[in-house]
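Accompanying notes for the structure given below.
The values are calculated or read from the model by the stated rules, or taken from the named source; none is laboratory data. Just so it is clear, the model here is predicted, and its values are computed rather than measured. Here Cβ is always computed from backbone atoms with ideal geometry, including for glycine, and neighbour counts include all displayed protein chains. These area figures cover heavy atoms from the full protein model, side chains too; ligands, DNA and RNA do not enter into them. Shrake-Rupley method; radii C 1.70, N 1.55, O 1.52, S 1.80 Å.
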Amino acid sequence: MQASEVPRAVAAAMSIASSVGLTTDDAIVLHDSNKLTLRLLPCDVLARVAPAAQQVARFEVELAQRLAASGCPVAALDPRVEPRVHERDGFVVTLWTYYEPVSPREVPPADYAEALARLHTGMRGIDVPTPHFTDRVEQAQHLVANRDRTPALADADRELLGDTLRRLRRVIVERGGADQLLHGEPHPGNVLTTENGLLFIDLETCCRGPVEFDLAHAPEEVGEHYPGVRPGLLHDCRILVLAMITAWRWDRDDQLPGGRRLGTEWLGRIRAALDRDGPDTHG
């Protein structure tokens, strides 16, 4: 979120929490990316704040309720208030249960895989309209192709990312297999270690595709414990996801701290992975 918007976003969240009967005297910023994540005190609620144009908040609230009702390992909305999206001063705000982190924060790969498999099982029973993973790949392709949006991306790197995204998108679709509802980005930053076990957060990225696309966001060791995974497909998905997140880092509007450094590092990792796979992978 733009630094100039943060004070207004915090004020909107505190005002909404107070209006629904939650005592709110302070706000601690836990995470700042495309949305702001706050811990409101002393009511101890987690508030997620985004510009009002991002109406995916409503989808996330409805999906979280359905998944929680199915016993899936997802973070719950705060039970003290009505489960809904609040709007104030140009922001949408949702109120969630705050989970005190427990040690160790390092998640054993087998536990990570088991929790993700449980989430996928629950998601297979839910029918909601969501984009396909290829739609998200296409967004990255458009970004790479748009020199105005990615002015600092060198021509050779632009060609590498564009070719990798196009080829692996096609290869993964041609491999076939069952598509299902996915989290979309179940990386470690979207997994909470709580007294209730592992819980997934940030459901706004949900899409449809093979489970290997989700696994590609998790540490490599997790895939070794996930039942029925297709190693070749997972390998392709890992490189595809790396190319996608690398593209985001070169967006002129990217706000991730150290994002450009990561973008450069990840370009090197993509080249190394393609070199290991052989020359045919570059076409």
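Summary table
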read-out: Matching residues in the range 1-45 - criterion: being closer than 16 Å to Thr97 by Cα, buried (at least 18 other Cβ atoms within 10 Å of the Cβ) and out of contact with any Cys (no Cβ under 6 Å at 6 or more places or on another chain); value: Ala13, Met14, Ile16, Ala17, Ala27, Leu36, Thr37, Leu38, Leu40, Cys43, Val45
read-out: Check on Leu168, open to solvent by less than 20 Å² (accessible area, probe 1.4 Å) and within 29 Å of Thr37 (Cβ to Cβ); value: no
read-out: The range 86-123, residues that are without any contact (Cβ under 8 Å) to a residue 40 or more places away in the chain and either within 14 Å of Ala17 (Cβ to Cβ) or of a type in the set (D, E, K, R) (or both); value: Glu87, Glu106
read-out: Residue in the range 234-245 that is more than 17 Å from the chain's Cα centre (by Cα) and more than 23 Å from Val107 (Cβ to Cβ) present; value: yes
read-out: Selection within the range 148-204 - more than 30 Å from Glu62 (Cβ to Cβ) and of a type in the set (A, V, I, L, M); value: Ala152, Leu153, Ala154, Ala156, Leu160, Leu161, Leu165, Leu168, Val171
read-out: Some residue of the range 149-160 being assigned by the TED database to the domain that holds Ala273, surrounded by fewer than 18 Cβ atoms within 10 Å (Cβ to Cβ), free of Cβ contacts under 8 Å to residues at least 12 places away in the same chain and among the small types (Gly, Ala, Ser); value: yes
read-out: Positions within the range 101-133 being touching a helix residue (DSSP H, G or I) at 6+ places or on another chain (Cβ under 6 Å) and either of a type in the set (Ser, Thr, Tyr) or over 19 Å from Ala69 (Cβ atoms) (or both), in sequence order; value: Pro109, Tyr112, Ala113, Phe133
read-out: Within the range 127-171, considering residues that are touching a Leu at 6+ places or on another chain (Cβ under 9 Å) and among the hydroxyl-bearing types (Ser, Thr, Tyr), the one farthest from His235 (Cα to Cα); value: Thr150
read-out: Single residue of Gly197, Gly259 found to be on the phi > 0 side of the Ramachandran plot and surrounded by fewer than 17 Cβ atoms within 10 Å (Cβ to Cβ); value: Gly197
read-out: Those residues of the range 91-113 which are in a helix (DSSP H, G or I), open to solvent by 20 Å² or more (accessible area, probe 1.4 Å) and not aliphatic (A, V, I, L, M), in sequence order; value: Pro109, Asp111
read-out: Subset of the range 162-201 (residues that are assigned to a loop (DSSP other than H, G, I, E, B) and either free of Cβ contacts under 8 Å to residues at least 60 places away in the same chain or closer than 15 Å to Ala216 by Cβ (or both)); value: Gly176, Gly177, Ala178, Asp179, His183, Gly184, Glu185, Pro186, His187
read-out: Check on Thr150, assigned to a loop (DSSP other than H, G, I, E, B), of a type in the set (Val, Ile, Thr) and modelled with pLDDT of 95 or more; value: yes
read-out: Hits in the range 74-90 - residues which are more than 29 Å from Thr121 (Cβ to Cβ), open to solvent by 40 Å² or more (accessible area, probe 1.4 Å) and of a type outside the set (D, E, K, R); value: Gly90
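The rows are residues; the columns are (1) open to solvent by 50 Å² or more (accessible area, probe 1.4 Å); (2) within 18 Å of the chain's Cα centre (by Cα); (3) not charged (D, E, K, R); (4) not assigned by the TED database to the domain that holds Val241.
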| position | (1), (2), (3), (4) |
| --- | --- |
| Pro51 | no, yes, yes, yes |
| Leu63 | no, yes, yes, yes |
| Ala115 | no, yes, yes, no |
| Leu119 | no, yes, yes, no |
| Asp127 | yes, no, no, no |
